[in-house]
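Notes to accompany the following structure.
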């Protein structure tokens, strides 16, 4: 059972940020320090967290709960049917967004928030490698 009243739970859930989360800001600072310049406000399909236009790369920082991380996700014990539908819809939307962006010529990178927290440099370097491989392909 939930220890909070429905009103308290609604308030707590309303405080969860969808933008400028701690892992996202940490990741952006790491990329900036490595010389990567990006955009954070965009109108692309799915509203990626970061867009690197010159390399046609988009980055999503996915939260472990909302995107059902295979390592950390735990299904809530209350309102299981609601959460199952909600989270499956999130995953289906992620898949559609990936397909649409790829069809439009973008490279899509999805990063788990726990990867940023545990190995921030490795995650940033992964994106830099992808950007550089795209730059080399364009130059040829």
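The values are calculated or read from the model by the stated rules, or taken from the named source; none is laboratory data. Given the structure is predicted, the values throughout are model-derived calculations rather than measurements. For neighbour counting, all protein chains shown are included, and Cβ atoms are generated from backbone atoms with ideal geometry for every residue, glycine included.
You will find that of 63, 30, the residue that is in contact (Cβ under 8 Å) with a residue 60 or more places away in the chain, surrounded by 12 or more Cβ atoms within 10 Å (Cβ to Cβ) and touching a helix residue (DSSP H, G or I) at 6+ places or on another chain (Cβ under 8 Å) is 30 and no other. Scanning the range 32-81 for residues that are assigned to a helix (DSSP H, G or I) and either within 11 Å of the chain's Cα centre (by Cα) or at pLDDT 90 or above (or both) yields a total of 6.
In this structure, residue 53 does satisfy being surrounded by fewer than 16 Cβ atoms within 10 Å (Cβ to Cβ), in contact (Cβ under 8 Å) with a residue 12 or more places away in the chain and touching a strand residue (DSSP E or B) at 6+ places or on another chain (Cβ under 7 Å). Restricting 15, 9 to residues that are surrounded by 14 or more Cβ atoms within 10 Å (Cβ to Cβ), out of contact with any helix residue (DSSP H, G or I) (no Cβ under 6 Å at 6 or more places or on another chain), modelled with pLDDT under 85 and farther than 21 Å from residue 112 by Cβ narrows the list to 9. Within the range 93-129, being in contact with a helix residue (DSSP H, G or I) (Cβ under 7 Å, 6 or more places away or on another chain), part of a helix (DSSP H, G or I) and touching a residue at least 60 places away in the same chain (Cβ under 8 Å) holds for 113, 116, 117, 120, 121, 123, 124, 127. Here residue 23 qualifies as modelled with pLDDT under 90, in contact with a helix residue (DSSP H, G or I) (Cβ under 9 Å, 6 or more places away or on another chain) and assigned to a helix (DSSP H, G or I). Residue 75 falls short on exactly one of the conditions (1) exposed (fewer than 11 other Cβ atoms within 10 Å of the Cβ); (2) out of contact with any helix residue (DSSP H, G or I) (no Cβ under 8 Å at 6 or more places or on another chain); (3) without any contact (Cβ under 8 Å) to a residue 24 or more places away in the chain; (4) over 19 Å from residue 58 (Cβ atoms), and that condition is (2).
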